[in-house]
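One structure is given below, encoded as structure tokens.
Readers should treat all values here as calculations from the given coordinates under stated rules, not as data from a laboratory. As the structure is a computational prediction, the values presented were derived from the model and not from experiment. Here the Cβ is made from the backbone with ideal geometry for all residues, glycine too, and neighbour counts use every protein chain on show.
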Amino acid sequence: MTSIIFLGTPNFGATVLKGLIDSDYEIKAVVTQPDKKVGRKQKITASPVKELALANNLNVFQPEKLSKSDDLTTLMDLNADLIVTAAYGQFLPTKFLNSAKIAAVNVHGSLLPKYRGGAPIQYALLNGDQETGITIMEMVKEMDAGDMFAQEKLTIDPEDTAGTLFEKMAKLGSELLLKTLPKIIAGECQKLPQDSSKAVFSPTISKAQAQIKTEMTASQARNLVRALNPDPGAFFMLNGERIKVWKAEIGQDHTSLEPGCLVDKKKRFAVSLADSTVLNLTEIQPMGKKRMSGAAYMNGKGASLPLGDKIIDD
């Protein structure tokens, strides 16, 4: 039976791990990020990968930094046939990658060399791409630069968010990995080098990037909302109050108002943005409040906002 050390952290990784567990592979160890504090109450929470691993009685390792931990030697001494990663969240030492008898393989959420880095799914949405996909690649020291074993495309639905797209991509990633591994193990999988001149990077989204700014068009703002739903969530500042945006749509109308003004508050929460475009804020969440429709907000606290005035702070 082919043995595997698996490394992953979020639901994406858990879906891939579940596929390996249900197939004919021996999972010698599972490596995931340390438990972290989540939510207002800062409850210590295990990663989805850890929860799945423990439910299947697998050995779990959670080093703060694998390259500087005692766990590294332990894992290398397992002499696994394969190392498989899927959204782990740490760089892996070259000597660890080289310890795999057959290959060190990564399930990456983009059509490489486009969107190397930690946020490929978010950037595909942020840039308004119509398709994305999964790449099964060989792991090397340089980030997401290894030769490719397989790729498969996926159409992005106009209503997809990061949450829905992650689910679709995880399922596709698991299926493509299980289809590709037997060929890798048999030495029958031809590797294709990446064209580094076409590399595009997708670094982690910063808190500053999550803010809807008035220099954005309605289309750009909507893409930001989709890309950051559910986490960390796009937001705008309204008279000093931080308001999270769960859903938004591009208005069919245009406006002569300067960007950041209240365009309509009768049946919708509509604001002006760059290039005379209008954004309808269809589902929002003020600080400390529950999620609500934009129309409901306008019928309540938003009713006092003056029509035509600038309400969005940069």
Value of relative contact order over the stretch 2-198, rounded to a whole percent, pairs C-alpha under 8 Å and six or more apart
20 percent
Could you state the number of Å between the C-alpha centres of the stretch 34-69 and the stretch 213-234?
30 Å
Compactness check, the chain: C-alpha Rg relative to the 2.2 N^0.38 Å globular estimate gives 1.14
Quick one: what are the phi-derived ³J(HN,Hα) couplings along the stretch 216-230, Karplus 6.51/-1.76/1.60 with θ = phi - 60°, whole Hz, x for glycine and proline?
7, 7, 4, 5, 5, 5, 5, 4, 5, 4, 5, 5, 10, 9, x
Given Cβ charges of +1 for Lys and Arg and -1 for Asp and Glu, the option among GLY13, THR132, PRO193 whose Cα lies farthest towards the positive end of the dipole of the chain is GLY13
Relative contact order as a percentage, the stretch 80-132, C-alpha pairs under 8 Å and 6+ apart, gives 33 percent
What is the magnitude of the charge dipole of the stretch 2-198 about its Cα centre, with +1 placed on the Cβ of each Lys and Arg, -1 on the Cβ of each Asp and Glu, and no other charges, expressed in debye to the nearest 20?
580 debye
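Which semi-axes, in whole Å and largest first, does the equivalent ellipsoid of the stretch 208-313 have when worked out from the alpha carbon gyration tensor as the square roots of 5 times its eigenvalues?
Working: eigenvalues 63, 54, 29 Å².
Whole-Å semi-axes of the equivalent ellipsoid: 18, 16, 12.
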Efficiency of FRET from Cβ geometry, SER197 and GLN252, R₀ 45 Å, rounded to 0.05:
0.65
What residues have an amide H closer than 5 Å to that of GLY118, excluding those fewer than 5 places away on the same chain, when H is modeled at 1.01 Å from N in the peptide plane?
SER202, THR204
Which length gain, in nm to one decimal place, applies between ASP71 and ASN59 when the Cα-Cα distance is subtracted from 0.36 nm times their residue separation?
3.1 nm
Reachable lysines, given that their alpha-carbon falls under 16 Å from the alpha-carbon of LYS179 and they are not under 8 places away in the same chain
LYS18, LYS153, LYS171, LYS191
Over the stretch 24-69, what relative contact order in percent results from Cα pairs under 8 Å that are six or more residues apart?
44 percent
What is the order of HIS108, HIS254, fewest Cβ neighbours within 10 Å to most?
HIS254, HIS108
The extension gain from ASN79 to GLU175, computed as 0.36 nm times the residue separation minus the Cα-Cα distance, is 32.0 nm
ASN299 paired with THR155, simple spin-label distance in nm, labels 7 Å along Cα-to-beta-carbon:
3.7 nm
What do you get for Rg/Rh over the stretch 156-204 if you use C-alpha atoms and the Kirkwood form of Rh?
1.09
If R0 = 30 Å, then GLU188 and LYS36, at their Cβ-Cβ distance, give a FRET efficiency to the nearest 0.05 of 0.15
Write down the percent of antiparallel bridges among all DSSP beta bridges whose residues are both part of the chain, to the nearest 5.
65 percent
Straight-distance crosslink candidates among aspartates and glutamates, where the alpha carbon sits under 18 Å from LYS141 and sequence neighbours closer than 8 are dropped
ASP195
Charge dipole (the stretch 236-314, unit charges on Cβ, about Cα centre) - positive-most of LEU262, MET292, GLY240:
MET292
